[in-house]
Amino acid sequence: MTTYKISELTSASPVSATDLFEVSQVSASNYGTRKASASQLRTYALAAMSGYTLARVSLANVSATTTLDLNSANFFSAEVGGSTTFVFANAPDSTVAAGLILEITNGGNYTVVWPSSVKWPDGLSPFLTADGTDVFVFITDDGGVAWRGAQAIRNSM
């Protein structure tokens with residue numbers, strides 16, 4: 001376990017869930033230097049946000065196993081260039097809900113395999129567009145044990 005100062009963190013910092021972070025203010029009424037876990041810090045940061053943007057990762061010409069890592073983004077776009085198995089990685093713990101958006105282009109031309117943890121409406125995986133773009137949304141509130149998936153947009157161009 002390591003203690004980090006927020007001001008010293010970079011995108012290359014090897015932070016784990018058991019590490020602590022020095023924060024100068026934990027709540028509006030509790031000033032001073034405190035140590036907070038990654039989960040506490042995330043909860044505080046999410047509560048303090050009044051709006052947000054989605055971090056995006058563009059994946060070009062995916063095939064084989066493709067990992068969607070929630071530590072790097074929560075919006076992914078992928079052009080499918082061969083049979084692809086999607087894997088969802090690094091969902092936050094069950095103290096918060098998490099979601100991701102996946103935009104797939106030309107997915108219907110190949111076999112796309114979803115994580116077994118994805119639960120679709122009526123238990124049916126959606127059809128993918130062969131020559132166009134489909135958008136999917138996924139949410140979890142149990143640390144990624146189960147994901148609720150839905151095809152939000154079909155065949156947009």
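The set of residues in the stretch 114-126 being hydrophobic (A, V, I, L, M, F, W, C) and modelled with pLDDT under 95 consists of Leu124 alone.
When the stretch 63-77 is examined, which residues are found to be surrounded by 13 or more Cβ atoms within 10 Å (Cβ to Cβ) and not in a strand (DSSP E or B)? Those that are surrounded by 13 or more Cβ atoms within 10 Å (Cβ to Cβ) and not in a strand (DSSP E or B): Leu70, Ser72, Ala73, Asn74. Of the candidates Thr111, Thr67, Thr129, the single residue that is among the hydroxyl-bearing types (Ser, Thr, Tyr), under 18 Å from Ala150 (Cβ atoms), modelled with pLDDT of 90 or more and in the same structural domain as Gly149 (by TED's automatic domain parsing) is Thr129. Looking only at residues of the stretch 105-148 that are among the β-branched types (Val, Ile, Thr) and farther than 20 Å from Leu59 by Cβ, we find that the one that is surrounded by the fewest Cβ atoms within 10 Å (Cβ to Cβ) is Val145. Taken together, the residues in the stretch 95-104 that are at pLDDT below 95 and surrounded by 14 or more Cβ atoms within 10 Å (Cβ to Cβ) amount to 4.
The values are calculated or read from the model by the stated rules, or taken from the named source; none is laboratory data. Bear in mind that the values here come from a model prediction, so they are computed numbers and not experimental data. All Cβ positions, even for glycine, are placed from backbone atoms using ideal geometry, and neighbour counts span all protein chains on display.
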